[in-house]
1. For the range 486-529, with only Lys/Arg (+1) and Asp/Glu (-1) charged at the beta-carbon, what is the dipole magnitude about the Cα centre, in debye rounded to 20?
2. Taking only the Cα atoms of the range 405-451, how large is their convex hull per residue, in Å³?
3. Regarding the range 450-542, what's the average projected area of the Cα-atom convex hull, expressed in nm²?
4. Please report the equivalent ellipsoid semi-axes of the range 502-541, computed as sqrt(5 x eigenvalue) of the Cα gyration tensor, largest first, in whole Å.
5. Taking every pair of distinct Cα atoms and averaging 1/r, then inverting, what Kirkwood hydrodynamic radius in Å comes out for the range 129-332?
6. Find the centroid of the Cα atoms in the range 400-435 and in the range 255-275, then give the distance between the two in whole Å.
Amino acid sequence: MRGVWIFLLLTGWCSAQEDGYVLAGSVVNARTGEPVKQALVTAFRFAARGDAGDGAAARPFRGAVPAPPFTVSALTDASGAFRFTGLTAGTYNLSAQKPHFTHQPTERALVRLESSGKEDVRVELSPLGTIEGKITDQRGQPASSVAVLVMQTSIVDGSRQTSVARSVWTDDRGMFRAWDIAPGRYLIRASGRGGNTSTYMSDDVPSSNGGFDGFVPAYFGGPTADSATPIVMEPGTEARADIGVIVQPAYKVRGTIANFGPGGVDFALLSGEENVGTGRVVFSRTSGAFEMLEVVNGSYTLRAAQGGKTVAEIPILVQGADVEGLRMTLAEAVQIPVNVRIVGQPTEQEKESEDGDLALSPPGFCMVTLHGGLGSGWSPVMLGLRQVGVDPAGGSPVLPGRYRVGVSCNGAYLVSAAMGTTDLLANPWITVSPGAAPATIEVVAHHGGGTISGAIKLDQEPTGKNLYVLAVPRVSTREPALVPAFEQIGRQFSFDSLAPGDYTLYGFSSDQVEYRNPEFLRGLTGGESVHVDEGASATVTITRLVQ
């Protein structure tokens, strides 16, 4: 009897395998078209118990019990082929990965198994690139042990940002090589002698005999980031970036840190907004004494921070001699009070629902965020979701630094935003000083607003690529807005809660749009003009993209 049950179970399992769908194809090099062997291919599908297997990501319904996503993986063979069998109906997201390759969102394959299997799916992997070069001084001699930063530039929330994608060091020949560089736009910087903070438990830090020369950080193509020559990396690009630096006498900066806790302290030497320090620092966790090496002549801000929770800053001037006797006290992050006032709300805020309960008509709300500052990079610091009233505690604690204030509203449009005497609509940048109580951010919004909707319709429609629409208000103190026009929904787009007034709409093939740069906005031509009235909707069709 037991053998019969095993036979029936095996028969049922085999039938399920035979009745299931086949999903097969190949992984190829996006640049050369050659097969990629030993790549890990993953088929992913969301599911919910009780779904009909229609392939769409399961929508929540009353009483539904979420089920774990379905995932299956396999390695490609020598010809780059993969094969999955026994799959149920549905839409699968296929992705692949392999060392020294990357995949872009457009290189993932969405495959719908509905009435038959698929055996000719093509998944592309983009080969990563390399950047190499040589660092020499003004005499043409190689500069060894130099930290070289590969800095990626991108547009985040309409502003151009730079982040370190890779750091390498030169060898004794002054040569460097950075590998596995993804497609993008990069700046290459010779950033000083390689090193980091050395921590000691003694009361004093040992004085270094080295560090008698250094150089101001230099970029490939120019002395500053603004004059540098960017390197545009395509899949598999092999780029060259040679940099010349001017070696000059260097000095030491010494002092003590107070109010520090367990753990190390991070040091930065700022020239404007750029960190020009080498990172070569010795620090005593007992007394707080520190010594920074290889600082060349110049005017700087010295910053010390611990754990992203405390920070201290002090201006220094290096002028032909060591700087001694600095005293810095770490200050904690502060709360920024936020006051949001929404005017024009409906006079009747409450109404009776059918079951007799009281329900609120949806009010508008605004969200205040900060972008930038020490410890957050360009990740936003949320000060909170506000409807009406003052929140003296603000939101997340804010470290001293320079930030751009962002205000986004839903169900309302922004009328004014200020912090003390600073009009944040005219100048959204603020400085949070150590140990100083910040002024309240005052936001006024108006309930309602207008809507612009439409679609992008082009003579030659790009496939497999998202498009975007930028709405630029005629009034310069109002912020532009960028929204997607996805291919899956017919390139439709919509802007909500807009202030009444005139707008110009532009189509773009990428979200890398520097719309917070006034010079960029002044250079835009063409576009579709539209007027928005309070509570009204306008319709626009975009027929061309900005090149």
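Read the figures in this text as sums done on the coordinates, not as results from a lab. Every value quoted in this text rests on a predicted model; they were computed, and no experiment measured them. Ideal geometry is used to build each Cβ from the backbone, glycine not excepted, and the neighbour counts take in all protein chains shown.
1. 60 debye
2. 82 Å³
3. If I average the Cα hull's projected area over directions, I get 5.8 nm².
4. Semi-axes, largest first: 22, 12, 10 Å.
5. 17.9 Å
6. Spelled out, the Cα-based centre of one part sits 27 Å from the other.
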